[in-house]
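Written below as C-alpha cells is the structure these notes are about.
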Amino acid sequence: METLKIDIQSEQEKKVLLAFLDSLNYHYRTDSDDYILTDEQIKKMVDRKADFLSGKTTSRPWSEIKQRYEGV
C-alpha cells in the first residue's frame, strides 16, 4: 500500500475529488477521520478529567511510564 497526500485548496476541490474517488470505489481516509470522537467517548474524557481535577485519580510522570515500556 502506498500513501498519497494531496493538499486541497477549497471545499469545492474536496467535494470533486471525493466524488471521483467514490465513483471508482477507492478506499480513503481524511486527516479529520482520525480525530472524530463519539458522544460516549467525549463524555468519558470529560468524566475522567473531572475525576482527575477532583483528586479521584492520579497521574504518573512520563519518565516512569517510558521506563516501564522500554524494550517492549
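Summary table below
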{"quantity": "First in segment 51-64 and surrounded by 10 or more Cβ atoms within 10 Å (Cβ to Cβ), second anywhere and among the acidic types (Asp, Glu), Cβ under 8 Å, 6 or more apart", "calculated": "THR57/ASP51"}
{"quantity": "Residues of segment 56-67 satisfying the condition of being modelled with pLDDT under 85 and either in a helix (DSSP H, G or I) or among the small types (Gly, Ala, Ser) (or both)", "calculated": "SER59"}
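The values are calculated or read from the model by the stated rules, or taken from the named source; none is laboratory data. Quantities reported herein were computed from a predicted structural model and do not represent experimental measurements. No Cβ is skipped: glycine too gets one built from the backbone with ideal geometry, and neighbour counts run over all protein chains shown.
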